[in-house]
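Q: Below is one structure. I have some questions about it.
Each value in this text was obtained by applying a stated rule to the coordinates, not by laboratory testing. Computed from a prediction, not measured in an experiment: that's the story for all the values here. Note: ideal-geometry Cβ built from the backbone for every residue, glycine included; neighbour counts use all protein chains shown.
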Ligand SMILES: C[S@@+](CC[C@H](N)C(=O)[O-])C[C@H]1O[C@@H](n2cnc3c(N)ncnc32)[C@H](O)[C@@H]1O
C-alpha cells in the first residue's frame, strides 16, 4: 500500500528540531524552547517519526516533543521532520521516564502519545516496561487536568497491565470508549492505514491492536 506523504520544504529545519538537553538538569522552559506559549504534546518512542510528522504537519497550533532513545531512529525522525520545514516540533534522544521526571514541570503537557512501547515479554524484563506505577505518577504530575494519554499496543498482556495500572489510579479516567478521540484534528485520512509504522506493519500481519485513552482528572 502506498501511503500519502508530505511535500518537502525549501528550507530544512533539522537543527531547530534537534533538542540537545542543557545542563544543569532542570525543567525546560517550554515557551522559551518553542518561542510561543502554545500547548505542548509529547510522543514517547518516535520510531521513524511517522506520527510526529503527520501530527506536527496537521496541527500547526500545537507544539510537539518526541523522545527516542535509539540514536538511529532519533536521527531518522529529525531528518524526516526537518525535510518538511517543520518548526513546531523538537526531538530529543532521551530516555522517557528520566526526561518526564527531570525535564518537565508540573502541568506542562496537554497530551501524551505512546504507540507500541517495547513490551519486554520476558517476566524478568517487566521492570523495564515504560508503563509502570512510578511513570504513571510522573505522567499525572506533568499533564494538565483534562488532557489525554493515548496508548496503542499489539501485546495483549501488556495491554492488560496498562488497563490495570491506569484503571486503579484515581488520577486517570478511562476514555477508551470515546472512539471519536482518535480523530485528531486534520489527521483523519492518515489514521485509517495506521498512525505509526508499527501499527501499519502489525495490521498487515493481522495482529490485534489494543487502543486506550486515559484522561487526567481535574483533581488528585
Ligand atoms: C516498538 S518501537 C515503536 C516505534 C513507533 N512508536 C511506532 O509505533 O512505529 C518502540 C520505540 O520506542 C523507543 N523506546 C522504547 N522505550 C523508550 C524509552 N524509555 N524512552 C525513549 N524511547 C524509548 C524504542 O527505541 C523504539 O524506537
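Q: Quick one: Cα centre-to-centre distance for region 78-94 and region 144-213, in angstrom?
A: After rounding, the separation between the Cα centres reads 23 Å.
Q: Relative contact order (percent) for region 53-101, with alpha-carbon contacts under 8 angstrom and 6 or more residues of separation?
A: 47
Q: Pulled fully out, how much extra length does the chain show between residue 9 and residue 83, if you take 0.36 nm times their separation in residues and subtract their Cα-Cα distance?
A: Between residue 9 and residue 83, full extension yields an extra 26.0 nm.
Q: Moving on to the next point. Looking at region 35-216, I'd like the Rg to Rh ratio, where Rg is from alpha-carbon atoms and Rh is Kirkwood's inverse mean 1/r.
A: 0.93
Q: Separate question: Helix-only mean residue ellipticity at 222 nm, the chain, DSSP H runs n ≥ 4 weighted -39,500 (n - 2.57), per residue, nearest 500. What is it?
A: After summing the helix terms and dividing by residue count, I get -9000 deg cm²/dmol.
Q: Here is a follow-up. Let me check against my output: what whole-number percent is the relative contact order of region 1-144, with C-alpha pairs under 8 Å and at least 6 apart?
A: Once divided by the residue count of region 1-144, the mean separation gives 29 percent.
Q: In whole Å, what are the extents of region 89-149 along the principal axes defined by its C-alpha atoms, from largest to smallest?
A: 34, 23, 21
Q: Can you give the FRET efficiency to the nearest 0.05 for residue 175 and residue 71, using r as the Cβ-Cβ distance and R₀ = 30 Å?
A: Efficiency at R0 = 30 Å is approximately 0.30.
Q: What is the antiparallel percent of DSSP beta bridges lying wholly in the chain, to the nearest 5?
A: 30
Q: What FRET efficiency comes out for the pair residue 144/residue 204, r = Cβ-Cβ distance, R0 = 35 Å, nearest 0.05?
A: Calculated value: 0.45.
Q: Have a look at 25, 195, 91 and tell me which one the Gaussian network model of the chain (Cα, springs below 10 Å) gives the largest fluctuation.
A: Its mean-square fluctuation being the largest, the pick is 25.
Q: Springs between alpha-carbon atoms under 10 Å, Gaussian network over the chain: tell me which of 188, 175, 75 tops the mean-square fluctuations.
A: Of 188, 175, 75, the Gaussian network model singles out 188 as fluctuating most.
Q: For the chain, set up a Gaussian network in which alpha carbons nearer than 10 Å are linked by springs, and say which option among 80, 171, 207 fluctuates the most.
A: Its mean-square fluctuation being the largest, the pick is 207.
Q: Scale the Cα Rg of region 1-113 by the rule-of-thumb value 2.2 N^0.38 Å and send over the ratio, two decimals.
A: After normalising by residue count via 2.2 N^0.38 Å, the value is 1.01.
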